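Trainee: Structure below; questions to follow.
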């Protein structure tokens with residue numbers, strides 16, 4: 001069972017902090033600004049990274065197959081091992097391009113799939129997956145520079161604005177949206193409050209953000225803006241934000 005959006009914090013209004021394990025070439029890494037050539041390796045084993053956060057109380061772990069996202073390979077066997085051994089709910093994104101790929105992950109025990117590029121290129125896919133599996137098992141991730149959605153592992157601009165997609169996703173039955181500020185991901189620059197406010201205005205269902213969370217002030221910003229959670233990587237790996245978070 002997936003945790004409630006407030007499960008990781010003592011306050012009912014506090015956002016859920018979701019540890020991220022990015023997998024590239026079989027290792028747990030973080031990228032600077034989404035650039036696959038600018039990686040920092042934090043764990044040689046993604047399973048050990050996931051176990052580390054689960055051991056500290058994570059109720060949900062976010063896995064990203066960076067190689068699948070960029071078309072340079074895949075880490076599905078590593079993900080399958082994490083899913084089978086972790087004992088904590090897992091969501092997976094990166095390179096899920098079609099229904100068959102999404103459903104293979106769901107059958108393997110993944111709690112929910114995160115659809116990125118395919119949600120832009122093939123919006124009907126989201127509605128089909130939600131109809132078949134329910135909104136609790138399907139998440140869409142809109143990764144953007146400003147409010148223009150980036151695709152293919154953030155390597156390409158789509159020319160599509162977030163404001164164009166959110167009404168379609170709501171009509172498809174989507175409940176949970178992840179919005180990532182690509183320009184700040186892995187940079188520890190902190191969240192862009194004005195951008196967070198605009199995305200909150202555009203998406204009134206469950207909103208999870210990523211990209212730039214650097215410390216407890218960013219978590220307070222999320223709470224102030226009514227944003228339900230954040231996917232966090234470098235800040236908790238490097239200790240600028242202590243996990244679990246106490247506001």
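What follows draws every value from the coordinates through simple rules; no lab data is involved. Fair warning: this is a prediction, and the values are worked out from it, not measured in the lab. When we count neighbours, we look across all protein chains shown, and the Cβ atoms used for this are built from the backbone with ideal geometry, even at glycine.
Trainee: How big is the antiparallel share of DSSP beta bridges in region 16-238, given as a percent to the nearest 5?
Mentor: Of the beta bridges lying entirely in region 16-238, close to 30 percent run antiparallel.
Trainee: Further question: Want the number for residue 161 to residue 103: 0.36 nm per residue separation, take away the alpha-carbon distance, what's left?
Mentor: 18.1 nm
Trainee: Another question about this same structure. I need to check one value: relative contact order of the chain, counting alpha carbon pairs closer than 8 Å and at least 6 residues apart, in percent.
Mentor: Here the relative contact order equals 20 percent.
Trainee: Okay, moving on. Give, in nm to one decimal, the length gained when the segment between residue 238 and residue 148 is fully stretched (0.36 nm per residue of separation minus the Cα-Cα distance).
Mentor: 29.5 nm
Trainee: For the chain, what does the helix formula give at 222 nm: sum of -39500 (n - 2.57) over DSSP H segments with n ≥ 4, over the residue count, nearest 500 deg cm²/dmol?
Mentor: After summing the helix terms and dividing by the residues of the chain, the value is -9500 deg cm²/dmol.
Trainee: Peptides 170-176, 66-72: what's the order by average Cβ count within 10 Å, highest mean first?
Mentor: Sorting 170-176, 66-72 by mean packing, highest first, produces 66-72, 170-176.
Trainee: In a GNM of the chain with a 10 Å cut-off on Cα contacts, which of 30, 107, 234 has the highest mean-square fluctuation?
Mentor: Greatest mean-square fluctuation among the candidates belongs to 107.
Trainee: May I ask for the distance between the Cα centers of region 110-124 and region 182-247, given as a whole number of Å?
Mentor: 22
Trainee: Stretched out fully, how many nm does the piece from residue 205 to residue 72 gain, at 0.36 nm a residue minus the Cα gap?
Mentor: Result for the pair: 44.5 nm of gain on full extension.
Trainee: Something else: Taking the Cα of residue 45, stepping 7 Å toward and past its beta carbon, and measuring to each backbone N in region 54-73: which are under 19 Å?
Mentor: Counting only backbone N, you get 54-58, 61-64.
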